Amino acid sequence: MELTVESLIGELGLELATGHDAAQAHVRWVHSTELSDPTPWLKGGEVLLTTGLQLSGPKAQREFLDRIAGHEIAALGFGTGFTHRRLPAALVTAARKRDFPLFEVPYELPFIAITERAFARLLDERYELLQRNMVGDVLSEALSGHLYPEDLQARLRPFGIGERIAVLAFRLEDASAAAAAVERLLSTERVGNLVAIRAGLLCAVVDASDPRSRGELDPVALAARIRAELLPRFGDVRAAASRPAATHSLRMSFHEARCSLEAVRLRNGNAPDVATYEDLGAFQLLLSLQDEEALSSYCRSVLGPIESGEGEYGDELVRSLDVFIENNGHWEKAAGALFCHRHTLRYRIRRIEQLTGRDFSNARDRIEFWLALRGRELAR
């Protein structure tokens, strides 16, 4: 669980004097100081503790508050019973104007107790991150398609996942930061889950049984609730959900959710809150192919000349092709995404045409390139 100003204050039994709206800020560290300007030694995100030894007057108190607030400090804990009997009025007023989190630390509570509590929580946070990375390995192995159904079931059972599953996928700017929030939400919903980052997406494999009705979970409704919770903190969040399916179909369920998300992205607007199999469009054709060797054979027939004809440079050509198509053939946007000059991209596309004998001005060739690129991802 992420350490925030609000959670730290709550655990210590203290109360905020100001800055309630900003108390969701993440706490990076706790630092004690009696300097009038400690900012050169701070990085931001700290809870700063002081007794105000150098803050003898209103002007000094206001300037101090403005200085640390402008340095992205998470909160200020002000120790009373030393130089000051209570929170200085000028300090409280300045903090209130900035909506800056300020709290009183009574004489009976030593600063070291706050530091130790924060340190313990931050260690727990790092441990959760380590666990999540290990969980990512479990998901990668599950998606490899190399596990027998009984082995896959055994790997997922410790996460509270039974015989039927669904996969939720979320695309947002900071997937790592949102992972803990998704785990908390699923825990609140009492849903067994495995949360990890895969292919740039924040993914949640969830048990498909509904703990409330003892029936089957509605993955779309669950994804919608999670998305609604994430939006205020993480901005633009796109979501998708697969249909409930047998656990041994995890790989297909993952691709169904991922491809649904990709399909609505290509619409250029008018996307649903949660994408589903109903939005798959042409992806449905790829997902319906049960013979992976046939799919791989098709992809090789289209992309093989690129990969084999240019050695190691072939991978760069395929990546350039993918980005060019995803940007709808827009030279400037695709070149920007690839961090290369548009003339370099034009050369690469011409080389692809030479190697494959295909023509980007031909709609059929463009469609076949797109299908092969997407199919290549499914066949891996």
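Coordinate-derived values only; no laboratory data. All of these numbers come straight from a predicted model, not from anything done at the bench. Glycine also receives a Cβ, built like all others from the backbone with ideal geometry; neighbour counts cover every protein chain displayed.
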(request) Using the Cα centre as the reference, give the magnitude of the dipole from point charges on the C-beta atoms of the chain (Lys, Arg: +1; Asp, Glu: -1; all else neutral), rounded to the nearest 20 debye. (result) 740
(request) Take the alpha carbon atoms of segment 302-363, find their center, do the same for segment 1-43, and report the distance between the two centers in whole angstrom. (result) 50
(request) Treating only the Cβ atoms of Lys and Arg (+1) and Asp and Glu (-1) as charged, compute the dipole magnitude of segment 38-154 about its Cα centre; round to the nearest 20 debye. (result) 1080
(request) At a Cα cut-off below 22 Å, give the lysines reachable from LYS43, other chains included and same-chain residues fewer than 8 away excluded. (result) none
(request) Work out from phi, with θ = phi - 60° and the Karplus expression 6.51 cos²θ - 1.76 cosθ + 1.60, the ³J(HN,Hα) of each residue of segment 331-342, listed in order in whole Hz, and give x for Gly and Pro. (result) 4, 5, 5, 5, 5, x, 5, 8, 6, 9, 6, 4
(request) Determine the gain in length on full extension of the stretch ASP315-TRP41; use 0.36 nm per residue of separation and subtract their C-alpha separation, reporting nm with one decimal. (result) 94.1 nm
(message) List the aspartates and glutamates whose Cα sits under 18 Å from the Cα of LYS59, skipping any in the same chain fewer than 8 residues away.
(response) GLU34, ASP37
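For segment 21-173, how big is Rg over Rh, using alpha carbon atoms and the Kirkwood form of Rh?
Ratio value, two decimals: 1.22.
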(request) Could you work out, for segment 229-380, what percent of all Cα-Cα pairs fall into each 10 Å distance bin, beginning at 0 Å and stopping at the bin that holds the largest distance? (result) 10, 34, 34, 19, 3
(message) What number do you get for segment 5-109 when its Cα radius of gyration is normalised by 2.2 N^0.38 Å, N = residues?
(response) 0.94
(request) For the chain, set up a Gaussian network in which alpha carbons nearer than 10 Å are linked by springs, and say which option among LEU42, LEU201, LEU250 fluctuates the most. (result) LEU42
(message) Could you identify which residue out of THR83, THR276, THR51 has the top mean-square fluctuation in a GNM of the chain using Cα springs shorter than 10 Å?
(response) THR83
(message) Among 307-314, 155-162, how do they line up by average Cβ neighbours within 10 Å per residue, starting with the highest?
(response) 155-162, 307-314
(request) Determine the relative contact order of the chain: mean sequence separation of Cα pairs under 8 Å and six or more apart, normalised by residue count, in whole percent. (result) 11
(request) For the chain, find the longest principal axis of its Cα atoms and tell me its angle to the long axis of helix 111-143, 0 to 90°, nearest 10. (result) 10
(message) On C-alpha positions alone, give me the angle between the axis of helix 219-234 and the longest principal axis of the chain, in degrees, nearest 10.
(response) 50
